[in-house]
1. Scan (1) at the interface with another protein chain (Cβ under 7 Å from one of its Cβ atoms); (2) at positive phi for the single condition residue B:82 breaks and write down its number.
2. With the requirement that a residue be more than 18 Å from the chain's Cα centre (by Cα) and either more than 12 Å from chain B (Cβ to nearest Cβ) or farther than 18 Å from residue A:136 by Cβ (or both), what does the range A:17-44 give you?
3. Name every residue in the range A:263-294 that is in contact with a strand residue (DSSP E or B) (Cβ under 9 Å, 6 or more places away or on another chain) and buried (at least 16 other Cβ atoms within 10 Å of the Cβ), in order of residue number.
4. For residues that are part of a helix (DSSP H, G or I) and more than 7 Å from chain B (Cβ to nearest Cβ), scanning just the range A:73-89, find the one that is surrounded by the fewest Cβ atoms within 10 Å (Cβ to Cβ).
5. Scan the range A:15-46 residue by residue and report those that are over 25 Å from residue A:102 (Cα atoms), touching a helix residue (DSSP H, G or I) at 6+ places or on another chain (Cβ under 8 Å) and in a loop (DSSP other than H, G, I, E, B).
6. On the given criteria, is residue B:108 surrounded by fewer than 24 Cβ atoms within 10 Å (Cβ to Cβ), modelled with pLDDT of 95 or more, away from chain A (no Cβ under 11 Å) and at negative phi?
7. Does residue B:99 meet the test of being touching a helix residue (DSSP H, G or I) at 6+ places or on another chain (Cβ under 6 Å), modelled with pLDDT of 95 or more and surrounded by fewer than 24 Cβ atoms within 10 Å (Cβ to Cβ)?
8. For residues that are surrounded by fewer than 24 Cβ atoms within 10 Å (Cβ to Cβ) and farther than 18 Å from residue A:53 by Cβ, tally how many sit in the range A:202-228.
C-alpha cells in the first residue's frame with residue numbers, strides 16, 4: 001500500500017507526549033515515526049541504551065512508552081533485546097505464551113551507545129541472527145553527558161572533548177561509517193534515514209526493518225539543538241540540508257543490494273549544512289577555508305562510493 | 001528414586017540446568033566454567049531441553065541477555081568464572097537492582113592480574129556486595145543441589161534476587177565423583193513454573209523496567225532490596241527443608257562438623273572444607289578437640305547464627321581463599337569478626353589465614369598447622385599474629 005501520511009497519522013500513538021526531550025531535538029521525532037510503523041495489533045518490546053532518550057522518557061514513576069520497555073545499561077541494548085527475543089522464541093515454542101498478534105523487538109541507542117561503547121553487543125546480536133531491529137539515532141556526539149565527541153562526530157566539529165583551540169580546529173578524525181559496517185554483517189536489511197518531509201522515507205524503512213525476519217539496522221540522523229547549536233525551530237531545516245548536501249545520504253541495503261532512495265537534483269555544497277550550525281562556526285574564518293574544502297571532498301568521495309555500490313549491486317535480485 | 005552417577009562438578013551443574021530446563025541460557029566460554037555451556041549446548045543440540053541457547057560474544061552480553069530474558073518473563077541462566085564475572089560486574093548490580101532472579105553457576109577462579117586459571121575465590125568475593133545471593137558448594141553434589149534449589153530461593157516473592165552458586169574451579173568442577181541425582185519429574189515438581197507478576201512479554205499489561213530513579217525514590221528501592229536479602233535467609237531454610245524431604249540431604253546456612261565438644265574451630269568455604277574434615281577426623285583420633293564450620297550461605301551473611309555457633313570456642317581461624325588488600329584480612333574473616341562484634345559475642349580469639357591464592361595447593365599438613373596454632377592460642381590466651389598467610393614463600 002502506498003504511503004499515506006493522513007492514514008498513518010491516525011494510527012495509535014505508542015510514544016506519548018510529556019517526555020522531557022528538548023524542543024527541537026530530532027530523536028523523539030525519529031522514535032515516534034519508527035514506532036508508528038508497527039501494526040496496531042502487534043506488541044513491541046523496546047530496549048534503550050542509556051542516553052538522552054532513556055533518561056528523558058522514563059523517570060520513575062512515569063513512562064512515555066506504551067509498549068513494554070527496558071533500559072539496562074549504556075553499551076548493551078542489543079544484548080538485552082537479544083535476551084528478550086530469545087525468551088520469546090523459547091516461551092512461544094514451549095506454549096508458555098499464547099497471545100494474539102506478534103511481539104516485535106526494537107532496540108534504540110544514540111551514536112555513543114551504538115558506534116562506540118555498544119558496537120560489540122550490536123555486532124554480536126546481529127551476527128547471531130536475532131529477529132529484531134536496532135535503531136541508532138545519530139546526533140553525532142555524547143549529548144547526554146554534555147556534548148563529547150564520539151566516532152560519529154563529523155571531522156572539525158566542535159565538542160566539549162574536541163574543543164576548538166589555538167592549535168586545534170575541532171575534531172581531528174572523519175566519522176565512522178557505521179551503516180557500512182552493519183552492511184558487512186550481511187544481514188537482511190540495513191538502511192540510513194532521516195526524519196524529513198512527510199516522514200515517508202523513515203516510516204517505510206522502519207516498516208521494512210520491523211517486518212523483515214532476522215536482524216535489521218536503521219541509522220537515523222537526529223539533530224541536536226544543544227550540540228549542533230541551531231535554533232530549536234530549525235530541526236527540520238537542518239535535516240533537509242543534511243540530505244540535500246549528501247552529507248547524510250538516504251539509502252537502504254536489502255540482502256546486499258544498494259538502493260539510494262534520494263538523489264538531490266541540485267546537490268548543495270556541504271557549507272549549506274555546516275553554516276546553520278554553531279559547532280562548525282570556526283570553519284568560516286578566513287584561515288580555515290581549506291578545511292571546508294576537505295570536508296566537501298570527503299562528502300563527495302563517500303557519495304560517489306555509494307553511487308558505485310548501487311551500480312555494482314544493481315543486477316542483484318531481491319525478494320521483498 | 002534417586003539416580004546414582006559419577007559426574008564432575010561442571011557436568012553436575014549442567015545436568016541440573018538440563019533438569020531445570022530454563023527458557024534462556026546465555027553464556028561465553030571461560031576456563032574453568034566453559035564445560036557448563038558446552039554440556040548444555042549438547043542438550044540443546046539433542047533436543048533434550050526447550051531452552052534458547054544464546055552463544056553471546058562476551059560475558060557482558062551474557063548477563064545483559066539474561067537480564068532481557070528474565071525481565072521478559074523467562075527463566076535465564078548462565079555460567080562463568082574470574083574475568084568473565086568481572087566483565088559482568090555492572091550488570092550484576094542491574095540484575096539484582098531490577099530484582100531479576102537469574103541463576104548463575106560461578107566456577108571460582110583467581111582474578112587477573114597476573115592471569116591465572118586456577119582456583120581461588122577472588123572472583124565471587126569481589127561480587128559479594130553486588131546484591132546476589134551466594135551459595136558455596138564443597139563438592140559436585142552440593143553444587144548440583146544448590147543449583148536445583150536456586151530458582152526456588154531467588155523467585156520467592158519475598159526475595160526476587162539473583163542467585164550465584166559457587167564451586168571450586170578444577171578442584172571440584174573437573175574432578176569426577178559419585179553423585180546422587182534427582183529424577184527429572186521430581187526436579188520439575190520441586191522448582192515449579194516461574195510466574196512473575198510483571199514481565200515484558202505480557203501484552204495485556206505492558207511495563208517499563210530500568211528507570212532513571214532519582215533521589216526521590218532510589219533510596220526506597222535500595223531499602224527494599226536490602227530487605228529482600230534479609231528475607232532470603234528464611235526462604236533458603238524453608239526451601240532447604242523441602243529439599244531435605246525430597247532427597248534426604250539436609251542443608252542449612254552453614255555446616256557444623258564435629259563442633260559439639262570442640263574448643264577450636266576453622267571456618268572455611270568450598271572444597272577446602274573437605275580437606276579440613278579429614279584433618280579434624282585425624283586430630284580427633286589423637287584427642288584434639290577440633291571442629292569446622294563451612295558456610296554455605298555467604299550472602300545473605302548469617303550474622304546471628306554464625307556468631308552463636310562460634311560463641312563457645314576458645315579460638316577460631318577463618319581461612320580466606322581471597323585477599324581483600326585492605327591491610328586487615330580477607331573478606332570472610334572481616335564478615336565473621338564483624339558478626340561477632342555486632343552480636344556482642346566477644347568470647348573467642350580470632351585469627352585469619354589467607355591461603356591457596358591462584359590455585360596454590362593447600363595440604364592437610366597446612367590445616368593441621370592452623371589447628372595447632374589455635375590449640376596454642378586456646379591454652380595461652382595469647383594471639384601472636386591476627387593476619388596470616390599460609391603456603392606462601394616469604
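The values are calculated or read from the model by the stated rules, or taken from the named source; none is laboratory data. If you're wondering where the values come from, they're calculated on a predicted model, not measured in any experiment. A quick note on method: Cβ atoms are made from the backbone with ideal geometry, for glycine too, and the neighbour counts reach across all protein chains shown.
1. Of (1) at the interface with another protein chain (Cβ under 7 Å from one of its Cβ atoms); (2) at positive phi, only one is false for residue B:82: (1).
2. Across the range A:17-44, the qualifying residues are A:17, A:18, A:19, A:20, A:23, A:39, A:40, A:41, A:42, A:43.
3. Across the range A:263-294, the qualifying residues are A:279, A:282, A:283, A:288, A:291.
4. A:85
5. Filtering the range A:15-46 down to residues over 25 Å from residue A:102 (Cα atoms) leaves A:17-27.
Subsequent filtering for residues that are touching a helix residue (DSSP H, G or I) at 6+ places or on another chain (Cβ under 8 Å) retains A:19-27.
A:19, A:20, A:21, A:22, A:23, A:24, A:25, A:26 - these are the residues of the range A:15-46 that are over 25 Å from residue A:102 (Cα atoms), touching a helix residue (DSSP H, G or I) at 6+ places or on another chain (Cβ under 8 Å) and in a loop (DSSP other than H, G, I, E, B).
6. Considered against the rule, which asks whether it is surrounded by fewer than 24 Cβ atoms within 10 Å (Cβ to Cβ), modelled with pLDDT of 95 or more, away from chain A (no Cβ under 11 Å) and at negative phi, residue B:108 comes out as no.
7. Values: touching a helix residue (DSSP H, G or I) at 6+ places or on another chain (Cβ under 6 Å): no; modelled with pLDDT of 95 or more: yes; surrounded by fewer than 24 Cβ atoms within 10 Å (Cβ to Cβ): yes.
No; evaluated as a whole, the condition is false for this residue.
8. Number satisfying all stated conditions: 8.
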